[in-house]
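Notes to accompany the following structure.
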Amino acid sequence: MQRQELLYHRDKRFHFVLTEAALRYRRCSLEVLVAQLDRLMSLSALPNVKFGVISEETEYIIGPWHGFWLRDRQRVTIETYSAELNLTQPQEIELYSKVFDALATVATYGRAARSILSRVLDDLSPEAPETGS
């Protein structure tokens, strides 16, 4: 939650790109997944957040082989099962910058991205337990 507070700092800018498959990936309970998707829907509308989704129908220019965080184009962070890698070599940063730019180019943004989020939520809703009113 503390890391999420940064998203509300207007002097900071964020650009996220996720695949629709990642949005559907069940790494947690359905209730938690739905809550996370709702949260992404809200965060995607922040003025300092650029939120892109690569739909399942998109033809990739380059494959999203693993997740990574490009931090101010000065460091790349990759989490593995056993370690967190922090890459700082200029050639590595340049490579990951190019990969990010290629993925960002095929992503959709704004209402189109939120439409994909809504579709995923709608697909999950028949499975979600009913909440009492």
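Data table
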{"quantity": "Qualifying positions in region 49-87 - more than 15 Å from Phe100 (Cα to Cα), in contact (Cβ under 8 Å) with a residue 40 or more places away in the chain and under 17 Å from the mean Cα position of the chain (by Cα)", "calculated": "Val49, Ser55, Thr58"}
{"quantity": "Hey, Ala45 under 16 Å from the mean Cα position of the chain (by Cα) and either in a helix (DSSP H, G or I) or modelled with pLDDT of 95 or more (or both) or not", "calculated": "no"}
{"quantity": "Hits in region 19-36 (condition: over 21 Å from Val106 (Cβ atoms) and assigned to a helix (DSSP H, G or I))", "calculated": "Leu30, Glu31, Val32, Leu33, Val34, Ala35, Gln36"}
{"quantity": "Residues of region 49-63 satisfying the condition of being assigned to a loop (DSSP other than H, G, I, E, B) and surrounded by 14 or more Cβ atoms within 10 Å (Cβ to Cβ)", "calculated": "Ser55, Thr58"}
{"quantity": "Hits in region 23-55 (condition: charged (D, E, K, R) and farther than 13 Å from Ser125 by Cα)", "calculated": "Arg26, Arg27, Arg39, Lys50"}
{"quantity": "Residue in region 84-102 that is farther than 16 Å from Phe16 by Cβ, surrounded by 14 or more Cβ atoms within 10 Å (Cβ to Cβ), of a type in the set (D, E, K, R) and touching a Ser or Thr at 6+ places or on another chain (Cβ under 8 Å) present", "calculated": "no"}
{"quantity": "For His15: the one exception among (1) at pLDDT 95 or above; (2) of a type outside the set (D, E, K, R); (3) closer than 22 Å to Thr108 by Cβ; (4) touching an Asp or Glu at 6+ places or on another chain (Cβ under 9 Å)", "calculated": "(4)"}
{"quantity": "Filtered residues of region 64-78 (kept if under 15 Å from Glu20 (Cα atoms) and exposed (fewer than 10 other Cβ atoms within 10 Å of the Cβ))", "calculated": "Trp65, His66"}
{"quantity": "Test set (1) surrounded by 15 or more Cβ atoms within 10 Å (Cβ to Cβ); (2) assigned to a helix (DSSP H, G or I); (3) not aliphatic (A, V, I, L, M) - Phe16 fails condition number", "calculated": "(2)"}
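The values are calculated or read from the model by the stated rules, or taken from the named source; none is laboratory data. Here the structure is a predicted model, which means the values were calculated and not measured. Here the Cβ is made from the backbone with ideal geometry for all residues, glycine too, and neighbour counts use every protein chain on show.
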